[in-house]
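Colleague: This is the structure I have questions about; it appears just below.
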Amino acid sequence: MTDGPKYGFDTLQIHAGARPDPATGARQTPIYQSTAFVFRDAEHAAALFNLQEVGYIYSRLTNPTVAVLQERIATLEGGAGAVCCSSGHAAQIMALFPLMAPGLNVVVSTRLYGGSVTQFSQTIKRFGWEATFVDFDDLDAVKAAIDDNTRAVFCEAIANPGGYITDLDAIAAIADAAEIPMIVDNTSATPYLCRPIEHGATLVVHSTTKYLTGNGTVTGGCVVDSGTFDWSANDKFPSLSQPEPAYHGLKFHETFGPLAFTFHGIAIGLRDLGMTMNPQAAHYTLMGTETLSLRMDRHVENAIKIAEWLEKDDRVDYVTYAGLKSSPYYDRVAKICPRGAGGLFTFAVKGGYDACVKLVNALEIFSHVANLGDARSLIIHSASTTHRQLTAEQQRAAGAAPEVVRVSIGIEDADDLIADLDQALSKAAS
Ligand SMILES: Cc1ncc(COP(=O)(O)O)c(C=O)c1O
């Protein structure tokens, strides 16, 4: 199917990128479980390696099943192209890789998934890259943190774990003025709830492990390129604007225009970093995308009911769901994610750390796991798990204080989930 604005989201989430298999007529996208693809002849092989013709060479770079998923996610996000990779964390490195070099930095939000805080504050230092953490609600602080060596700003549309919403338009205006890209992690929102490119994002990254797959089966990631950034406007992005020594002097932006970042991601990123998505994972995620809008509507409906119930409960101190009228982020929902604030939030249990531990042990329907975005309801005590490597100050800044638990509300019966929380809160209070 050719994609286009004439089709609605529900149609595109099933059809974008896919067409009946030309060899067999198979209606569902086959899992092309093949490492390599036969060249028609030597000239064909040379054209593929020269990027003069688009096709399949070797599955570390491109694979037909993965390509369908790339096109589908790019279409749902309104991007020009996308590169899938092995995990959400791989996608974050893949997004930064063409932009960064030793001595350069990225300005990132303090409200990020704990693993991302560790990746940015510790691990990227090994590449000689730096991250400056700032409260993205403080726009002056974001502006002040950007210097001549900054090559991107990075935030989550709906932040894990707190469910806080970033004012993407305001951050994009700052990034535009500094002539650097805004990268948005859209994992918790998905393109059904939020389309960051419409709010000025240059790149959108995903952990496809979560809602896009939606059933907790495979890890994966994706970088979507808006295709709108002028990489040649200044000399900040030589990998894209200047002859790239890692690809015999090819100028990616001059050659591929709006697809420069996508081609670079495949030809250099996947080729040399090797963080490839396998076709089985792409298959599971393609199955997931087919029902994305239906699931997200139900996640939101359930999350509102449960957050409202928790907010009124005496055993609970506070609830951070942005879909609650009491949330300081409530007004941003209509602007940034008009279909709802997602299914992810935290709540503080009276009795602190010990009560949180009792609560997670007592729940019967909610699973205590380090994941989110599953059809099943999930819970985790972030301070003792996902955010464990962070300092107390970083934990609080990220919304993962010791007295809070994070829930990822599933698509079960909301009344059953409330009953489960009710019995577990009673045990936690005893
Ligand atoms: C918002 C967000 N971004 C990125 C990641 C990393 O994704 P992955 O686990 O697929 O590497 C996660 C994982 O929980 C996440 O919640």
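Colleague: Just to verify a number: FRET efficiency for K125 and E412, C-beta to C-beta distance, R0 = 51 Å, to 0.05? Show your work: numbers first, answer last.
Modeller: On the way: r = 42 Å, r/R0 = 0.82.
E between K125 and E412, to the nearest 0.05, is 0.75.
Colleague: If you don't mind, there's one more thing I want to ask. Given a 1.4 angstrom probe, what's the average accessible area per residue across the chain, in square angstrom? It would help to have the intermediate numbers written out before the result.
Modeller: Values: 17000 Å² over 430 residues.
Roughly 40 Å² per residue, with all protein chains present.
Colleague: On a 0 to 90° scale, report how tilted helix 292-312 is relative to the longest principal axis of the chain, with both axes built from alpha carbons and the result rounded to the nearest 10.
Modeller: That works out to roughly 30 degrees.
Colleague: Grab the DSSP H runs of the chain that are 4 residues or longer, score each as -39,500 (n - 2.57), total them, divide by all residues and round the 222 nm result to the nearest 500 deg cm²/dmol.
Modeller: Working: 17 runs with 154 residues, N = 430.
Taking each H run of at least 4 residues, the total per residue is -10000 deg cm²/dmol.
Colleague: By how many nm would the segment from R339 to H15 lengthen if fully extended, with 0.36 nm per residue of separation less the alpha-carbon distance?
Modeller: Gain in length upon complete extension: 114.5 nm.
Colleague: Taking 21 Å as the cut-off for C-alpha to C-alpha distance, list the pairs among K125/K210; K325/K427; K143/K325; K325/K358; K312/K350 that go past it. The partial results should precede the final answer.
Modeller: Numbers: K125/K210 27 Å; K325/K427 29 Å; K143/K325 30 Å; K325/K358 29 Å; K312/K350 13 Å.
Result: K125/K210; K325/K427; K143/K325; K325/K358 exceed 21 Å.
Colleague: Roughly what would the spin-label model give for Y353 and V316, points 7 Å off Cα along C-beta, in nm?
Modeller: In this crude spin-label approximation the distance works out to 2.4 nm.
Colleague: For segment 168-327, compute Rg over Rh where Rg is the Cα radius of gyration and Rh is the Kirkwood radius from the inverse mean 1/r over Cα pairs. Walk me through the numbers on the way to the answer.
Modeller: Values: Rg = 19.6 Å, Rh = 18.3 Å.
Over the Cα atoms of segment 168-327, Rg/Rh equals 1.07.
Colleague: Please list, by residue number, everything in segment 160-180 whose backbone N is under 18 Å from a paramagnetic label point 7 Å out along Cα→Cβ of R396.
Modeller: Inside the label zone: 161-162.
Colleague: Related question: Take every Cα pair under 8 Å in the chain that's 6+ residues apart, average their separations, divide by the length, and report that relative contact order as a whole percent.
Modeller: Averaging sequence separation for qualifying contacts and normalising by length gives 17 percent for the chain.
Colleague: By how many degrees, 0 to 90 and rounded to 10, does the Cα axis of helix 64-77 deviate from the longest principal axis of the chain?
Modeller: The angle comes out near 60 degrees.
Colleague: For segment 214-220, what does the Karplus curve 6.51 cos²θ - 1.76 cosθ + 1.60, with θ = phi - 60°, yield as ³J(HN,Hα) per residue in whole Hz, taken in order and with x for Gly and Pro?
Modeller: x, 9, x, 9, 9, 8, x
Colleague: Follow-up. Of A400, V357, A152, which is farthest along the charge dipole of the chain in the positive direction, counting Lys and Arg as +1 and Asp and Glu as -1 at C-beta?
Modeller: V357
Colleague: Sorted by average packing, counted as other Cβ atoms within 10 angstrom per residue and highest first, what order do 240-251, 168-179, 73-84 take?
Modeller: Those peptides, ordered most packed to least, come out 73-84, 168-179, 240-251.
Colleague: Can you give me the long-range amide H partners of V316? Hydrogens built in the peptide plane at 1.01 Å from N, cutoff under 5 Å, separation of 5 or more residues or another chain.
Modeller: K350
Colleague: Follow-up question, since we're still on this one. Can you order the peptides 412-425, 335-348, 31-44 by their average number of other Cβ atoms within 10 Å per residue, highest first? Each step should come with its number before you reach the end.
Modeller: Details: 412-425: 16.9, 335-348: 23.8, 31-44: 11.9.
The packing order, highest mean first, is 335-348, 412-425, 31-44.
Colleague: Then there is this: If eta is 1.002 mPa s and T is 20 °C, what Stokes-Einstein diffusion coefficient results for the chain, Kirkwood Rh from Cα pairs, in µm²/s?
Modeller: Values: Rh = 22.1 Å.
For these conditions, the coefficient is 97 µm²/s.
Colleague: Would you please give the FRET efficiency between T24 and A370, computed as 1/(1 + (r/R0)^6) with r the Cβ-Cβ distance and R0 = 41 Å, to the nearest 0.05? Show your work: numbers first, answer last.
Modeller: Working: r = 39 Å, r/R0 = 0.96.
FRET efficiency, T24 to A370: 0.55.
Colleague: Same structure, new question: Rule-of-thumb check for segment 292-429: C-alpha Rg over 2.2 N^0.38 Å?
Modeller: Values: Rg = 14.1 Å, N = 138, 2.2 N^0.38 = 14.3 Å.
This ratio for segment 292-429 stands at 0.98.
Colleague: Subtract the Cα-Cα distance of E43 and N149 from 0.36 nm times their separation in residues, and report this length gain in nm to one decimal. Walk me through the intermediate numbers first.
Modeller: Values: separation 106, 0.36 × 106 = 38.16 nm, distance 4.27 nm.
Using 0.36 nm per residue and subtracting the Cα-Cα distance, I get 33.9 nm.
Colleague: While we're looking at this one, here's another question. In whole Hz, with x marking every Gly and Pro, tabulate ³J(HN,Hα) for segment 118-124 from phi via Karplus 6.51 cos²θ - 1.76 cosθ + 1.60, θ = phi - 60°.
Modeller: Once rounded to whole Hz, the list reads 5, 4, 7, 7, 10, 5, 5.
Colleague: Related question: So, by mean Cβ neighbours within 10 angstrom, what's the order for 180-190, 55-65 with the highest one leading? Spell out each step's value before the answer.
Modeller: Numbers: 180-190: 28.6, 55-65: 18.6.
Highest to lowest by the protection proxy: 180-190, 55-65.
Colleague: Per the 1.4 Å probe, what fraction of the accessible area of segment 292-429, in percent, lies on carbon and sulfur atoms? Present the calculation step by step, with values, prior to reporting the outcome.
Modeller: Details: 2880 of 5830 Å².
The nonpolar share, carbon plus sulfur, comes to 49 percent.
Colleague: Could you derive backbone 3J(HN,Hα) for segment 133-148 from the dihedral phi with the Karplus parameters 6.51, -1.76 and 1.60 (θ = phi - 60°), listing whole Hz in sequence and x where the residue is Gly or Pro?
Modeller: 8, 9, 6, 6, 7, 9, 5, 5, 5, 5, 4, 5, 6, 7, 10, 5
Colleague: Could you pull out every residue, at least 5 positions away or on a different chain, whose amide H is within less than 5 Å of the one on A131? Hs are placed 1.01 Å off N in the peptide plane, and Pro or chain starts have none.
Modeller: Under 5 Å from the amide H of A131: V106.
Colleague: Over segment 98-167, what is the relative contact order in whole percent, taking alpha-carbon pairs under 8 Å and six or more residues apart?
Modeller: Working: 110 pairs, mean separation 30.0, N = 70.
Once divided by the residue count of segment 98-167, the mean separation gives 43 percent.
The values are calculated or read from the model by the stated rules, or taken from the named source; none is laboratory data. All values derive from a computational prediction rather than experimental measurement. With ideal geometry, Cβ positions are generated from the backbone for all residues, glycine too; neighbour counts draw on all protein chains shown. The area values use the complete protein model at the heavy-atom level, side chains included, leaving out ligands, DNA and RNA. Shrake-Rupley method; radii C 1.70, N 1.55, O 1.52, S 1.80 Å.
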